[in-house]
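Everything on this sheet refers to the single structure shown next.
What follows is calculated from the coordinates using simple rules that are stated; it is not laboratory data. No experiment lies behind these values; they were computed from the predicted model shown. Note that we place each Cβ from the backbone using ideal geometry, even for glycine, and neighbour counts take in every protein chain shown.
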Amino acid sequence: MSPKTELIWFDGALVPWDEARVHVMTHTLHYGVGVFEGIRAYKQAGGGSAVFRLKEHVRRLFESAKIVEIAMPFTQERIVEAILETLKANKLEEGYIRPITFIGTGMSFGVSPGKNPIHNAICVWPWGAYLGEEALELGIRIKTSSFARHHVNVMMTKAKVCGNYVNSVLAKTEALADGYDEAMLLDTDGFVSEGSGENIFMVKDGAIKTPPLTSVLSGITRDAIITLARDLGIPLREERFTRDELYTADEAFFSGTAAEITPIREIDRRVIGQGRAGEVTKLLQKEFFRMVKGENPAYASWLHGYTV
Ligand code: PMP
């Protein structure tokens, strides 16, 4: 499926996809200090479309910018509006939304960004299941990466910074080359942290565990799952665990805007549970899709409606 849509929002105006270009001396291209988001819009059961947790994603974008000291030239409200404008302009009923804020070219060509201009772009495109439709059903095979997740004083792990993703790309490339679907990264103390672009959960004896927010991104899907588990009365703890604990879990799954809820069926050649999506995973996955598609009124406040 081609990701190309018609229009991209670039610094306040919609421009044709092919004209949304940057200069090769763009500071972010050289040094990686830019921030971005990944957001999804879903067709709604009752008609129309909605962006899932739009305000939270835009808030995280601004928090990422604050962490890396990028002064945003727009307000959060303006970016929310611009995202809706871009979806409507492209007549996209369902798909992925990628806002990115980056440092352009100006007087500074060195490491310090100086007073170089800050640019904002919003791209949207149709995007199905990130790890494949089959993965959502059957689960994926993952591998402990040879790359550790960032130490909290090396990179800012709460910020969705472009440069942080070098670590993710290295881990994902290695996992794919070794015949796995995705990487699982340990933190620098050796505890399970997250996937290359997903948070991780394990289930043992009916209780769920997920690593606390230290080296991992504060996933908005992770937060939705924590809320969902609480509302469903499933015990959940945010607690560190080791890879061998995961090897003997009854179930495991990844969460993320792109990955949604993807079951994990194998880790480092060890089959998890029955080697397919477990009961708790299936229940959370079913309820998550009901939530994002507007089929559960209890979570209506997380859906930002629009029509194309
Ligand atoms: N961890 C990392 C490293 C990610 O890139 C993502 C995707 N944004 C996540 C976790 C999941 O976050 P979210 O549920 O907000 O998409």
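Which of the residues spanning the range 53-93 are surrounded by fewer than 17 Cβ atoms within 10 Å (Cβ to Cβ), within 16 Å of the ligand (Cβ to nearest atom) and of a type in the set (Val, Ile, Thr)?
Answer for the range 53-93, where residues must be surrounded by fewer than 17 Cβ atoms within 10 Å (Cβ to Cβ), within 16 Å of the ligand (Cβ to nearest atom) and of a type in the set (Val, Ile, Thr): just 67.
Okay, residues lined up against (1) part of a loop (DSSP other than H, G, I, E, B); (2) crowded, with 17+ Cβ neighbours inside 10 Å:
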{"site": "154", "(1), (2)": "yes, no"}
{"site": "164", "(1), (2)": "no, yes"}
{"site": "167", "(1), (2)": "no, yes"}
{"site": "170", "(1), (2)": "no, no"}
{"site": "189", "(1), (2)": "yes, no"}
{"site": "194", "(1), (2)": "no, yes"}
{"site": "218", "(1), (2)": "yes, no"}
{"site": "228", "(1), (2)": "no, yes"}
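Would you tally the residues in the range 276-308 being of a type in the set (A, V, I, L, M, F, W, C) and in a loop (DSSP other than H, G, I, E, B)?
Qualifying residue count for the region: 2.
Pull out all pairs, ordered by first then second residue, where Cβ-Cβ is under 9 Å, the residues are six or more apart or on different chains, the first lies in the range 280-306 and is closer than 12 Å to residue 43 by Cα and touching a residue at least 60 places away in the same chain (Cβ under 8 Å), and the second is of a type in the set (Val, Ile, Thr) and buried (at least 16 other Cβ atoms within 10 Å of the Cβ).
303/51; 303/292; 304/51; 304/80; 304/83; 305/51; 306/51
Answer yes or no as to whether residue 182 is within 30 Å of residue 30 (Cβ to Cβ), among the charged types (D, E, K, R) and either surrounded by 15 or more Cβ atoms within 10 Å (Cβ to Cβ) or touching a Ser or Thr at 6+ places or on another chain (Cβ under 8 Å) (or both).
In short, yes.
Filter the range 230-250 for residues that are assigned to a helix (DSSP H, G or I) and free of Cβ contacts under 8 Å to residues at least 40 places away in the same chain; which is surrounded by the most Cβ atoms within 10 Å (Cβ to Cβ)?
Residue satisfying both the conditions and the ranking: 247.
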